[in-house]
């Protein structure tokens with residue numbers, strides 16, 4: 001037996017008392033609705049083009065991609081557009097070439 005207080009089902013206007021979440025009737029409906037939504041999202045993203053491209057990509061790149069030192073060295077860490085006010089001035093002066 002749980003020491004938590006029982007509460008009403010989380011479904012709107014349902015008056016059944018449950019330990020947590022939804023009652024049996026509404027838990028099934030909620031799960032089916034979420035499965036339908038996830039199924040629609042999955043089919044929209046993982047379409048035939050994606051399935052073909054995935055196979056080709058894995059064939060061309062069987063291992064993890066490794067970057068050379070030139071690729072990593074080309075990243076410019078001096079620009080920080082997300083900083084505002086005094087921080088921009090401080091970081092701007094510190095990172096001047």
- Task: Mind giving me the nanometre distance, one decimal, between the label points for residue 58 and residue 4, set 7 Å out from Cα along Cα→Cβ?
- Result: 3.9 nm
- Query: Could you put 53, 11 in order, starting from the residue whose Cβ has the fewest other Cβ atoms within 10 Å?
  - Reply: 53, 11
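Can you sort 9, 14 by how many other beta carbons sit within 10 Å, fewest first?
Fewest-to-most ranking of 9, 14: 14, 9.
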- Message: As a footprinting exposure proxy, order 60, 31 by other Cβ within 10 Å, with the fewest listed first.
- Response: 60, 31
- In nm, spacing of pseudo-spin labels at residue 24 and residue 41 (7 Å Cα→C-beta vector): 3.0 nm
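Here, each number is a calculation from the coordinates, and none is a lab measurement. All values derive from a computational prediction rather than experimental measurement. Glycine gets a Cβ as well: all are built from the backbone with ideal geometry, and neighbour counts include every protein chain shown.
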